[in-house]
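Working notes, structure below.
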Amino acid sequence: MLKHLIAAFTKIDDPRCASKVEHDLLEILIMAICGVIAGAESWEDIALYARGKEDWLRSFLTLKHGIPSHDTFRRVFMLIDPHQFEQCFRHWVGQWLDTTPVGHVAIDGKTVRHSFDRKREQSPLHLVSAWASEHRLVLGQVAVERKSNEITAIPTLLAGLALAGGLVTIDAAGCQKA
């Protein structure tokens with residue numbers, strides 16, 4: 001499983017200035033993903049997880065300069081292309097799902113708390129997600145366009161997922177016509 005994770009994320013471009021790079025991008029991504037899978041919910045949690053699991057991480061990562069700080073994790077994730085990250089993540093999850101039945105997938109939309117800014121007239125971020133309930137894993141998500149709604153985002157989300165053999169449920173928002 002780890003070799004598939006590492007292989008899936010080797011394709012992400014490193015946007016950092018090469019002369020200022022101390023930690024390997026792939027290693028930062030792998031540590032962060034492992035941390036989140038283990039329950040980390042903040043950059044501090046991810047750094048704490050990595051420090052606690054350093055011996056295990058060194059069994060498959062070089063960690064030439066040790067474990068990055070929580071600020072380094074945050075800065076790197078602010079710089080990388082989120083679409084490229086999502087594609088790599090979907091590829092990795094897709095490899096895993098090729099060997100495991102997808103089961104029940106719930107489609108639902110949620111507004112991200114504290115994602116609006118009245119001063120800048122920025123609307124709240126609304127995401128539609130596909131949740132594989134038996135695996136406790138988000139298979140994919142798409143942002144709802146500012147002047148749109150879940151009805152138009154759901155087909156976009158479903159088109160990007162391999163759900164053959166799965167049972168897909170959608171709340172009442174999915175019963176309307178676009």
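Here R58, R74, R51 are screened, and the one residue that is surrounded by 15 or more Cβ atoms within 10 Å (Cβ to Cβ) and not assigned by TED's automatic domain parsing to the domain that holds A162 is R74.
Would you point out the residue of the range 1-41, among those that are in contact with a Cys (Cβ under 9 Å, 6 or more places away or on another chain) and in a loop (DSSP other than H, G, I, E, B), that is modelled with the lowest pLDDT? If we take residues in the range 1-41 being in contact with a Cys (Cβ under 9 Å, 6 or more places away or on another chain) and in a loop (DSSP other than H, G, I, E, B), then K11 is modelled with the lowest pLDDT.
Taken residue by residue, the range 16-31 has at least one member that is loosely packed, with under 12 Cβ neighbours inside 10 Å and in contact (Cβ under 8 Å) with a residue 24 or more places away in the chain. Only one of the numbered conditions (1) touching a strand residue (DSSP E or B) at 6+ places or on another chain (Cβ under 6 Å); (2) under 29 Å from A47 (Cβ atoms) is not met by V128, and that is (2). Does H135 count as modelled with pLDDT under 90, under 18 Å from the mean Cα position of the chain (by Cα) and surrounded by fewer than 18 Cβ atoms within 10 Å (Cβ to Cβ)? Spelling it out, H135 is indeed modelled with pLDDT under 90, under 18 Å from the mean Cα position of the chain (by Cα) and surrounded by fewer than 18 Cβ atoms within 10 Å (Cβ to Cβ).
What number of residues in the range 163-178 are under 14 Å from D108 (Cβ atoms) and assigned to a strand (DSSP E or B)? Summing the residues that are under 14 Å from D108 (Cβ atoms) and assigned to a strand (DSSP E or B) in the range 163-178 gives 3. Somewhere in the range 6-19, is a residue outside the structural domain of E134 (by TED's automatic domain parsing), in contact with a Pro (Cβ under 9 Å, 6 or more places away or on another chain) and farther than 16 Å from G140 by Cα? For the range 6-19, residues outside the structural domain of E134 (by TED's automatic domain parsing), in contact with a Pro (Cβ under 9 Å, 6 or more places away or on another chain) and farther than 16 Å from G140 by Cα: absent.
The values are calculated or read from the model by the stated rules, or taken from the named source; none is laboratory data. Computed from a prediction, not measured in an experiment: that's the story for all the values here. We place every Cβ from the backbone using ideal geometry, glycine too, and count neighbours over all the protein chains shown.
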